[in-house]
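Enquirer: Quick one: structure below, then a few questions.
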């Protein structure tokens, strides 16, 4: 079970990763480029214990962040059908 503390640590890790990417990179020809990432997260065993559903959930989470403006991360949300 993912606790709020663990989820906070996961979010902190990905935020640091994105912060590292956010710095402009100077190429040999003095051109500046920027890099970003859209990261989808699914957690084992909380979201699934099988690889294919985990990949699918992470993929959907990634596309959620891409459609929300890119350059971020999103943790897959399980929905109750009850």
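The values are calculated or read from the model by the stated rules, or taken from the named source; none is laboratory data. This one's a predicted model, so the numbers in the text were calculated from it and none came from an experiment. Cβ sites come from the backbone with ideal geometry, for glycine too, and all protein chains shown count toward neighbours.
Enquirer: Need the failing condition index for residue 40 against (1) loosely packed, with under 13 Cβ neighbours inside 10 Å; (2) closer than 22 Å to residue 8 by Cα, just the number.
Expert: The single condition residue 40 does not satisfy is (1).
Enquirer: Could you tell me whether residue 64 is touching a helix residue (DSSP H, G or I) at 6+ places or on another chain (Cβ under 8 Å), within 28 Å of residue 22 (Cβ to Cβ) and either touching a residue at least 12 places away in the same chain (Cβ under 8 Å) or in a strand (DSSP E or B) (or both)?
Expert: For residue 64, the condition - touching a helix residue (DSSP H, G or I) at 6+ places or on another chain (Cβ under 8 Å), within 28 Å of residue 22 (Cβ to Cβ) and either touching a residue at least 12 places away in the same chain (Cβ under 8 Å) or in a strand (DSSP E or B) (or both) - is not met.
Enquirer: Moving on to the next point. Which condition breaks for residue 46 when tested against (1) surrounded by 11 or more Cβ atoms within 10 Å (Cβ to Cβ); (2) touching a residue at least 24 places away in the same chain (Cβ under 8 Å); (3) in a loop (DSSP other than H, G, I, E, B); (4) in contact with a strand residue (DSSP E or B) (Cβ under 9 Å, 6 or more places away or on another chain)?
Expert: Among (1) surrounded by 11 or more Cβ atoms within 10 Å (Cβ to Cβ); (2) touching a residue at least 24 places away in the same chain (Cβ under 8 Å); (3) in a loop (DSSP other than H, G, I, E, B); (4) in contact with a strand residue (DSSP E or B) (Cβ under 9 Å, 6 or more places away or on another chain), the lone unmet condition for residue 46 is (4).
Enquirer: Right, something else. If residue 40 satisfies every condition in (1) outside any loop (DSSP other than H, G, I, E, B); (2) modelled with pLDDT under 90 but one, which is the exception?
Expert: With (1) outside any loop (DSSP other than H, G, I, E, B); (2) modelled with pLDDT under 90 applied to residue 40, the lone miss is (2).
Enquirer: Here are some conditions: (1) out of contact with any strand residue (DSSP E or B) (no Cβ under 6 Å at 6 or more places or on another chain); (2) surrounded by 11 or more Cβ atoms within 10 Å (Cβ to Cβ). Residue 14 meets all but one. Which one does it not meet?
Expert: Of (1) out of contact with any strand residue (DSSP E or B) (no Cβ under 6 Å at 6 or more places or on another chain); (2) surrounded by 11 or more Cβ atoms within 10 Å (Cβ to Cβ), only one is false for residue 14: (1).
Enquirer: Could you say whether any residue in the stretch 70-80 is in contact with a strand residue (DSSP E or B) (Cβ under 6 Å, 6 or more places away or on another chain) and surrounded by fewer than 17 Cβ atoms within 10 Å (Cβ to Cβ)?
Expert: yes
Enquirer: Still on this structure: Counting only residues that are assigned to a loop (DSSP other than H, G, I, E, B) and surrounded by 13 or more Cβ atoms within 10 Å (Cβ to Cβ), how many does the stretch 17-37 have?
Expert: Number of matching residues: 1.
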